[in-house]
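Written below as structure tokens is the structure these notes are about.
Read-outs throughout are calculated quantities, based only on the coordinates presented, and are distinct from any laboratory measurement. These figures come from a predicted structure and were not determined experimentally. So basically every Cβ, Gly included, is an ideal-geometry build from the backbone, and we count neighbours across all protein chains shown.
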Amino acid sequence: MQTIGSKELIREINEKLILKEIYLNKKIDRTSLIKNTGLSGGTITKIISCLIEKQLVKEIGEADSTGGRKPILLVLNKDYARIIGIKIGVGYIDFILTDLTGDVIFSQTIKYEGSISPQKVVSMITEFHAKFHDKHLLGISVAVSGIVNPNTGTVVNSFLLGWKDVELAQMIKKEVDTYIFVVNDVDSFSLSQLYNGNARFYKNSVVMTLGVGIGGSLIIDKKIHTADGGVGEIGHMSVVPNGNKCTCGSRGCLEAESSIAAIAARINKATTVAELKKIFSSVSNTEISELEFIRKAIDLDNKACKKVFKEFSVEIGIAMKNLINILAPDYFLLGGETLEFRDLFMKDAIEFAKKNAFGTLGTKVCIETDTLGRNAWTLGGIYKIIEVNLFENRI
Ligand SMILES: [Zn+2]
């Protein structure tokens, strides 16, 4: 027997279905909505007028017509709400403010030295929010490196930040009462690829990021697989027995051997150019970053850099090959700061992975590099907030 409750539920499901279509198509007319959702014209008309009344949806202009009356287009009302996204990096925090559709309105990077406490981050978020409190806030997303449980909003362990069992979502919610989404930073990056990158065209994908850390993320059936956190920590695969000490406490992890810091140290070891060795000493005093050192090294001793990146290409190629063999993805995406030097290693790494993967797995997989850039690390969490609040059915 149908109850009033279930009628309301069906109405809510239909409303979310319509919002999702408008969001994904950016603008759409009523006839296409009927076609895409399978709902009746009457239902669409009723729900749309309700959404317009709530100011969630707006009518704009008219679409081109093939004859007869020109259809009116429907769009989300961008100004209905704001969303805040944060990415906590090593030495910097990226802040982004977007409208309801995820378009960036304002962005800011704040640098910090040494370590940063969760309390300090929460107070910075509160300050940032205070600047933009005039509009309704849909949520705040925080992307953090390490093992993050997105279901509880807990940073279980971030070795790069030195954080352990931090109830970050709860801490933020005490200051700003809104929907809080705490997510692993590579998962946030992958969510961007799922919404806005080519990963949306594939069912199963692996995302690998190369930079200060080496991270990974797994997309199965077009959904990020997180478990309770810790999925895709590929930077901590052992690659060298008794190798370099890693931030995680282990030795010889891929991250310890092939991160940006490790590449810089290896160039310093390989070079005989005195000026370069002198510049490297200022890296350990944190006067310049490892990235800046590598840029200078390419100018001053290109031969040594080529040698180091040649070795690096094999290490990354091996890691990619292993991941392809374990997961058989349709799509493999590489991202991260080290891509700045892609000309020195990328072609070789991809070739190694494709050639050495098991059977036909290497020919089947499409391997690409990131085109979305730095904001992708922060925007993924924002897209998730839009999904959860606007069109995810929580049943
Ligand atoms: Zn490690």
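Side notes on the structure shown:
- Cβ charges +1 (Lys, Arg) and -1 (Asp, Glu), total dipole of the chain, debye: 600 debye
- In this structure the amide hydrogen of Ile105, modeled in the peptide plane, comes within under 5 Å of the amide hydrogens of Leu97, Thr98, Asp99, none closer than 5 places in sequence on its chain.
- In the range 180-337, the inverse of the mean reciprocal separation of distinct Cα atoms equals 16.8 Å; this is its Kirkwood hydrodynamic radius.
- For the range 84-216, the square roots a ≥ b ≥ c of the C-alpha gyration tensor eigenvalues yield an a/c of 1.5 or more together with a/b not exceeding b/c, which makes the shape oblate.
- Solution diffusion estimate, µm²/s, Stokes-Einstein, the range 12-91, Kirkwood Rh from C-alpha pairs, 25 °C, viscosity 0.890 mPa s: 176 µm²/s
- Amide H within-cut-off set for Gly216, under 5 Å, with H built and near neighbours excluded: Thr209, Ile234, Gly235
- Ordering 257-264, 54-61, 99-106 by mean Cβ neighbour count within 10 Å, with the highest value first, yields 257-264, 99-106, 54-61.
- 3J(HN,Hα) couplings calculated from phi for the range 35-42 with the Karplus curve 6.51 cos²θ - 1.76 cosθ + 1.60 (θ = phi - 60°) are, in sequence order, 5, 6, 9, x, 7, 6, x, x Hz; Gly and Pro show x.
- Around the amide H of Val57, modelled in the peptide plane, lie the amide H atoms of Ile52, Asn77, all under 5 Å away and 5 or more residues distant in sequence or on another chain.
- Tensor-based shape of the range 257-318 (alpha-carbon gyration tensor, a/c under 1.5 rounded, otherwise prolate or oblate): oblate
- Over 20 Å between alpha carbons, listed pairs Lys306/Lys364; Lys7/Lys27; Lys27/Lys54; Lys27/Lys70; Lys307/Lys364; Lys20/Lys87: Lys306/Lys364; Lys7/Lys27; Lys307/Lys364; Lys20/Lys87
- The value of relative contact order for the range 237-324, using C-alpha pairs under 8 Å at least six residues apart, is 21 percent.
- Under Karplus coefficients 6.51, -1.76 and 1.60, residue-wise ³J(HN,Hα) of the range 183-200 in Hz, glycine/proline x: 9, 4, 5, 6, 5, 5, 4, 5, 4, 4, 5, 5, 8, 10, x, 6, 4, 5
- Cα shape, the chain, gyration tensor, a/c 1.5 rule: prolate
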